[in-house]
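The values are calculated or read from the model by the stated rules, or taken from the named source; none is laboratory data. What you see is a predicted model, and the numbers here were worked out from it, not measured in a lab. Heads up, the Cβs are rebuilt from the backbone with ideal geometry, glycines too, and the neighbour counts pull from every protein chain shown. Protein only, heavy atoms only, side chains kept; ligands, DNA and RNA dropped before computing areas. Shrake-Rupley method; radii C 1.70, N 1.55, O 1.52, S 1.80 Å.
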There are 2 protein chains.
Amino acid sequence: MTTEAEIYKALGDPIRLEIVKRLSSKRSCAIGELCQDLGISRQGARKQLQILVNANIASLNSVGRETKVALDIKSLQQAQRFISQLEKVWENRLLALKDFVEVVR
Amino acid sequence: MTTEAEIYKALGDPIRLEIVKRLSSKRSCAIGELCQDLGISRQGARKQLQILVNANIASLNSVGRETKVALDIKSLQQAQRFISQLEKVWENRLLALKDFVEVVR
DNA sequence: CAAACATGCAACCAAATGGTTGCATGTTTA
DNA sequence: TAAACATGCAACCATTTGGTTGCATGTTTG
């Protein structure tokens, strides 16, 4: 399992977020290509990628001398559920406040 | 401004996430109460709270000798938008795959 | 087969993080 | 007013993080 905090932590770095964005527009991609032009070394980027894999946000699949990377949507859905719950709570409060204001005036 | 990565980073710690959960069920709360029973010292928890404040996830308001904490929904909405975009991309892919499978068989 | 390619693994390092303690300061309350 | 309360600030520490480099290994390709 992956905890909510682990998922957010994995997304909480500009380079890792960039990797996720690239993956989201590429479906599947070799590590080498994915890790190019991120401003850090290949091995540095590879370590960041591994963090996404550990958080179940990306998954790896070895094909010949390449390793393909793909996005794993389950964790992201889990993260979104949490945030939208918070939003719902907030929305209810705003509605409650609006009611209150209308009663008072 | 707060970058996406900063928001996720702020949510990416179990104690900070617990603080956010408490805030979401309490509307507004004094620092002291909010930081109780988190398993770390008051000052430790206060530092974690400050990280949420810096990420514009929580806001502070001083009243007498207390400081009230409240949730700030804007950043959370921003975070959610990003995740739901990713989900949308994924959903489209699944649909495309389904079409493909149906054509082939 | 040799060279080029795609990648992995490990050691290393500076900086950031997550926590602590001690003490100072303003605010209620008995 | 003195004690209790709510909080802030700063120094300090161990661990994690984010990055590097060097080298090893399996895979294509000319």
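Applying the criterion of being open to solvent by less than 60 Å² (accessible area, probe 1.4 Å) and within 9 Å of DNA strand D (Cβ to nearest atom) to the residues of the range B:23-39, the residue that is farthest from the other protein chains (Cβ to nearest Cβ) is B:32. Scanning the range B:35-65 for residues that are within 21 Å of residue A:85 (Cβ to Cβ) and more than 14 Å from DNA strand C (Cβ to nearest atom) yields B:56, B:58, B:59.
Restricting the first member to the range A:24-47 and to residues that are farther than 12 Å from residue A:60 by Cα, and the second to residues that are acidic (Asp, Glu) and within 15 Å of DNA strand D (Cβ to nearest atom), no beta-carbon pair is closer than 6 Å while six or more apart or on different chains. Here residue B:12 qualifies as buried (at least 18 other Cβ atoms within 10 Å of the Cβ) and not aliphatic (A, V, I, L, M). Among the residues of the range B:16-24, are any within 10 Å of DNA strand C (Cβ to nearest atom) and within 19 Å of residue A:81 (Cα to Cα)? Yes, that holds for at least one residue.
Taken over the range B:1-13, the criterion of being polar (S, T, N, Q) and within 14 Å of DNA strand D (Cβ to nearest atom) is satisfied by B:3 alone. Taken over the range A:50-72, the criterion of being within 14 Å of residue A:34 (Cβ to Cβ), away from DNA strand D (no atom under 15 Å from the Cβ) and within 14 Å of chain B (Cβ to nearest Cβ) is satisfied by A:59, A:70, A:71. If you check B:42, B:16 for being modelled with pLDDT of 90 or more, more than 9 Å from every other protein chain (Cβ to nearest Cβ) and either in contact with a helix residue (DSSP H, G or I) (Cβ under 7 Å, 6 or more places away or on another chain) or within 14 Å of DNA strand D (Cβ to nearest atom) (or both), only one passes: B:42.
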